Amino acid sequence: MSPGRVTAWENLGEVFGKKGDVNKALACFSNAYRFSKDRLTLHQYMKKRNEKEDDKNLKQARIKAINWAEKNHNLNMSKKTELKERVSH
């Protein structure tokens with residue numbers, strides 16, 4: 001109904017991850033990044049969630065999504081570095 005809702009994608013990824021479907025969970029998490037208006041905040045949230053995650057399939061899907069986001073959206077930098085880059089441009 002609302003494909004741009006980041007929380008819906010993240011929640012659906014959780015469901016697929018808990019069911020053991022890593023690929024579908026990864027796709028959902030990737031869509032959360034795709035539709036996010038604040039990818040850095042989402043990225044920090046995903047990393048923090050994954051630190052406490054016990055489910056190995058869910059953790060694996062999140063790690064893949066985190067790595068994908070860092071590679072494709074330059075999210076491996078700190079918030080201070082990003083702010084400096086925004087100001088200098």
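The values are calculated or read from the model by the stated rules, or taken from the named source; none is laboratory data. On a predicted model such as this, the values are computed, not experimentally measured, just so you know. Positions of Cβ are generated from backbone atoms using ideal geometry, with glycine treated the same way; all protein chains shown enter the neighbour counts. Only protein heavy atoms, including side chains, enter the accessible area calculation; ligands, DNA and RNA are left aside. Shrake-Rupley method; radii C 1.70, N 1.55, O 1.52, S 1.80 Å.
Report every pair of residues separated by at least 6 positions or lying on different chains whose Cβ atoms are under 8 Å apart, first residue within the stretch 6-21 and at negative phi, second hydroxyl-bearing (Ser, Thr, Tyr) and not in a helix (DSSP H, G or I).
VAL6/SER36; ALA8/SER2
Please name all residue pairs, on different chains or six or more residues apart, with Cβ atoms under 9 Å, provided the first residue is in the stretch 42-63 and is over 11 Å from GLY17 (Cβ atoms) and the second residue is open to solvent by 80 Å² or more (accessible area, probe 1.4 Å) and assigned to a helix (DSSP H, G or I).
Partner pairs satisfying both residue conditions: GLN44/LYS79.
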